[in-house]
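Throughout, read-outs are computed from the coordinates displayed, never taken from laboratory work. In this text the structure is predicted, and so the values were computed from the model without any measurement. Using ideal geometry, Cβ is built from the backbone for each residue, glycine included, and neighbour counts are taken over all protein chains shown.
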Amino acid sequence: MKLKDKVAIVTGGARGIGAAVCRRYAEEGARVAVADVLDGEAAATARDIGRGAFAVHLDVTSRASIDAMVETVVAEAGGIDILVNGAAIFEMQPVLEITEASFDKQFAINVKGLLFTLQAVAAQMVRQGRGGKIINFASQAGRRGEPLVTVYCATKAAVISITQSTGLALIKHGINVNGIAPGVVETPMWDVVDAQFAKYEGLPIGEKKRRVGAAVPFGRFGTPEEMAGTAVFLASDDARYIVAQTIGVDGGNWMA
């Protein structure tokens, strides 16, 4: 019960890695707010978890929605101890086909939304005066470029940089900010990614995913549950001396 009696918000918590983190946090004793724009799926995830978990609407592109989410969680659970910034999207285009609309959408969710959710929750943590833990989901894509994924890679590099700067700024308040950089993870999003690679690289559906999994030094894709373990560690007292770091959980794909 590493997170006993803690209150945690997980953005993008309705499915995939976010849902796995919600489940592990609840198992470790936290009361979890499943924050997502997908209201029905968030409610279903919260019901499945039980243990006092509850869904809360969150559109990270709206400051009003972020503020309302914080107010709802504080009213429901009495405060906030942990934030996991997991909400993100992925799009792929060759460099000569990148559109302003795609650029703006990815940065609005993956970077701007993450930063201002962090800001709103950190302000609440400062008011509470008991510190807290903030965990930002970056990606191995934030460590190096990819020819078809220019914008997404840039957003995740920005997440790593934001983690460093906010970690340095907030530790004086007892708030540890750190990040997780997953490698390739078996989620529904990767089926979308595979289909986009098939389109641009002329591959059969499933072939890119097979090749990518085989290339991981560990020998396969990771699972959402394997990301959740590190999220528990960074939210626990075991990580109290870790500040402004982004930990790779990628089966050996990238050595930082």
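Numbers at a glance
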item: Region 172-189, subset part of a helix (DSSP H, G or I) and out of contact with any Phe, Trp or Tyr (no Cβ under 7 Å at 6 or more places or on another chain), residue surrounded by the most Cβ atoms within 10 Å (Cβ to Cβ); result: His173
item: Verdict on Ala53 being of a type in the set (A, V, I, L, M) and in contact (Cβ under 8 Å) with a residue 12 or more places away in the chain; result: yes
item: Residues satisfying the stated conditions in region 25-44, i.e. farther than 20 Å from Lys105 by Cβ and crowded, with 24+ Cβ neighbours inside 10 Å; result: Tyr25, Ala30, Val32, Ala33, Val34, Ala42
item: Flag for Ile205 being more than 21 Å from the chain's Cα centre (by Cα) and not basic (Lys, Arg); result: yes
item: Odd one out for Ala14 among (1) buried (at least 24 other Cβ atoms within 10 Å of the Cβ); (2) within 18 Å of Thr187 (Cα to Cα); (3) over 17 Å from the mean Cα position of the chain (by Cα); result: (3)
item: Yes/no for Ala231 being touching a Cys at 6+ places or on another chain (Cβ under 6 Å) and assigned to a helix (DSSP H, G or I); result: no
item: Sole residue being in a loop (DSSP other than H, G, I, E, B) and free of Cβ contacts under 8 Å to residues at least 60 places away in the same chain, chosen from Asp5, Asp104, Asp48; result: Asp5
item: Positions within region 153-210 being among the charged types (D, E, K, R) and in contact with a strand residue (DSSP E or B) (Cβ under 8 Å, 6 or more places away or on another chain), in sequence order; result: Lys156, Glu186
item: Scan of region 117-171 for residues that are in contact with a Gly (Cβ under 9 Å, 6 or more places away or on another chain), farther than 25 Å from Lys6 by Cα, touching a residue at least 60 places away in the same chain (Cβ under 8 Å) and not in a helix (DSSP H, G or I), ordered by number; result: Arg143
item: Qualifying residue in region 84-96 (condition: part of a loop (DSSP other than H, G, I, E, B), over 22 Å from Asn253 (Cβ atoms), of a type in the set (Val, Ile, Thr) and free of Cβ contacts under 8 Å to residues at least 40 places away in the same chain); result: no
item: Residues located in region 190-223, provided they are part of a helix (DSSP H, G or I) and among the hydroxyl-bearing types (Ser, Thr, Tyr); result: Tyr200
item: Subset of region 2-53 [at positive phi and not charged (D, E, K, R)]; result: Gly12, Gly16, Gly29, Gly50, Gly52
item: Count - residues of region 213-243 that are under 22 Å from Gly12 (Cβ atoms) and of a type outside the set (Phe, Trp, Tyr); result: 15
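The rows are residues; the columns are (1) surrounded by fewer than 16 Cβ atoms within 10 Å (Cβ to Cβ); (2) in contact (Cβ under 8 Å) with a residue 24 or more places away in the chain; (3) of a type in the set (D, E, K, R).
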| residue | (1), (2), (3) |
| --- | --- |
| Phe197 | no, yes, no |
| Glu207 | yes, no, yes |
| Thr230 | no, yes, no |
| Asp250 | no, yes, yes |
